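Worksheet: the structure to be examined is printed underneath.
The values are calculated or read from the model by the stated rules, or taken from the named source; none is laboratory data. Predicted model only: the values in this text are computed from it and were never measured. So basically every Cβ, Gly included, is an ideal-geometry build from the backbone, and we count neighbours across all protein chains shown. Heads up: the accessible areas ignore ligands, DNA and RNA and are worked out on the full protein's heavy atoms, side chains in. Shrake-Rupley method; radii C 1.70, N 1.55, O 1.52, S 1.80 Å.
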Amino acid sequence: MKENTSEEIDLGELFRLIGDTFNRFIGFISNIFKSLFHFFVLFLKFIRVHFFKFTIAIFIGAILGGYLDYKSQSVYRSSMIIEPNFNSVQQLYNNIEFYNQLAGQRENKALSEALHINEEEAQDIRHVKIESFSDQTQRIKQFSEFISELDSISQRKVDYDDYLKNFNDINAKFHKIQIEATSPEIAKKCQKAIVKSIENNEYFTLQKEINDRNIALKDSIIEQQQEEISELQAFYKKIKIIEAKKPDGTTSINLAENQPDQVSEIELLNQARKLKDEKIELNNEKANTKNTINIISEFPNKGVLVNDFFNKKIVLMPIVFVTVLFLALILISLNKYLASYEKKEIQN
């Protein structure tokens, strides 16, 4: 009986501790919500007290922003989609960053020389930027091409998630160059200079020449193999004609016995089909690497007017004015609170 009573006391004490802990947790959560609600009410009271001041700040900011928008020049945006070859993408990014720095620092003479335009046209350029242009499908395709170039051991060590973690703008196949300028036609005039800055590079010129030679060599080898297969097929056809003309009972020629290394006609057909596929693939490679920079989509003749609502000064200026006013009022209220707190400390 004493043991049972002792166990009941222990269990009761345990349940009481659990209940107290649960109540404290509920009380803690309740106090957090009460504090948040209290601060929310104080914020609303603060807004109500200074509502007129905030209204005036919004009104003045909207008028000033609208005036600045009216006085500022219209900006036009143009985009070009490209595909760099021969690992020229890093140099392309460096060139675009250089152009953008010149535009930002208003180095119009240097920018005009780099883009082969006059200084007045260079003065119209506001921003030049480049970014990768790829979607999930393109990344999966690039991953498949990447995996196919690895050996079987390396393929097992690399998965798609690891590939995506290391994927950056440089790895993308397509890239978008954007120019923002106060003149809608300026981007089109810069297109040739941007592309030529890469094509005239000695390193990439050498890479393209070597690639062209390799393609030409592969092409001549495939053509030679196709001719040899055609000659063998013609030889087989002649043998068949000779055998067909022989009278019955004459011993036929067995190429498989006389020439053990001779391939069958089916194997020749398969080899011819394989060479044809290689020829098609080589032609595609020849077309894709014809230029150092493939232009997928050119700059339009005229850019599109930039009309981003949240970038307008009539929207930004009221936000700036209200933010500055809010911080100023908070500092004034804090200063008053500290002053009253010091008085209480002195009185005590």
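Listed by first and then second residue, the pairs with beta-carbon distance under 8 Å, at least 6 apart or on different chains, first residue in the stretch 325-341 and at negative phi, second open to solvent by 70 Å² or more (accessible area, probe 1.4 Å), are 325/53; 329/53.
Can you tell me which of 272, 328 is aliphatic (A, V, I, L, M), open to solvent by less than 100 Å² (accessible area, probe 1.4 Å) and at pLDDT below 90? Matching residue, one of 272, 328: 272.
Looking only at residues of the stretch 1-22 that are of a type outside the set (Phe, Trp, Tyr) and open to solvent by 100 Å² or more (accessible area, probe 1.4 Å), we find that the one that is modelled with the highest pLDDT is 16.
Considering only residues that are charged (D, E, K, R), in contact with a Ser or Thr (Cβ under 9 Å, 6 or more places away or on another chain) and surrounded by fewer than 18 Cβ atoms within 10 Å (Cβ to Cβ), which ones fall in the stretch 99-125? Spell out how you get there, then give the answer.
We begin by selecting, within the stretch 99-125, every residue charged (D, E, K, R); these are 106-107, 109, 113, 119-121, 124.
Those still in the list that are in contact with a Ser or Thr (Cβ under 9 Å, 6 or more places away or on another chain) too: 119-121, 124.
Answer for the stretch 99-125, where residues must be charged (D, E, K, R), in contact with a Ser or Thr (Cβ under 9 Å, 6 or more places away or on another chain) and surrounded by fewer than 18 Cβ atoms within 10 Å (Cβ to Cβ): 119, 120.
Of all residues in the stretch 39-54, those that are in a helix (DSSP H, G or I) and aromatic (Phe, Trp, Tyr) have Cβ atoms under 7 Å from Cβ atoms of residues that are surrounded by 10 or more Cβ atoms within 10 Å (Cβ to Cβ) and modelled with pLDDT of 90 or more, 6 or more apart or on another chain, in 54/322; 54/325.
Taking the stretch 70-85 as the range and being among the polar types (S, T, N, Q) and open to solvent by 50 Å² or more (accessible area, probe 1.4 Å) as the test, the residues that pass are 72, 73, 74. Every test in (1) assigned to a helix (DSSP H, G or I); (2) open to solvent by 70 Å² or more (accessible area, probe 1.4 Å) is passed by residue 131 save one, and that test is (1). Among the residues of the stretch 161-193, which ones are under 12 Å from the mean Cα position of the chain (by Cα) and among the small types (Gly, Ala, Ser)? Passing the criteria: only 172.
Considering only the stretch 310-348, state which residues are outside any helix (DSSP H, G or I) and either in contact with a strand residue (DSSP E or B) (Cβ under 6 Å, 6 or more places away or on another chain) or of a type in the set (Lys, Arg) (or both).
The initial filter retains those residues of the stretch 310-348 that are outside any helix (DSSP H, G or I), namely 312, 348.
312, the sole residue that qualifies.
Considering every residue within the stretch 162-183, establish whether at least one is modelled with pLDDT of 70 or more, under 30 Å from residue 119 (Cα atoms) and either assigned to a helix (DSSP H, G or I) or out of contact with any strand residue (DSSP E or B) (no Cβ under 6 Å at 6 or more places or on another chain) (or both). Scanning the stretch 162-183 turns up at least one residue that is modelled with pLDDT of 70 or more, under 30 Å from residue 119 (Cα atoms) and either assigned to a helix (DSSP H, G or I) or out of contact with any strand residue (DSSP E or B) (no Cβ under 6 Å at 6 or more places or on another chain) (or both). Every listed requirement among (1) in contact with an Asp or Glu (Cβ under 9 Å, 6 or more places away or on another chain); (2) under 30 Å from residue 59 (Cβ atoms); (3) open to solvent by 60 Å² or more (accessible area, probe 1.4 Å) is met by residue 306 save one, (3).
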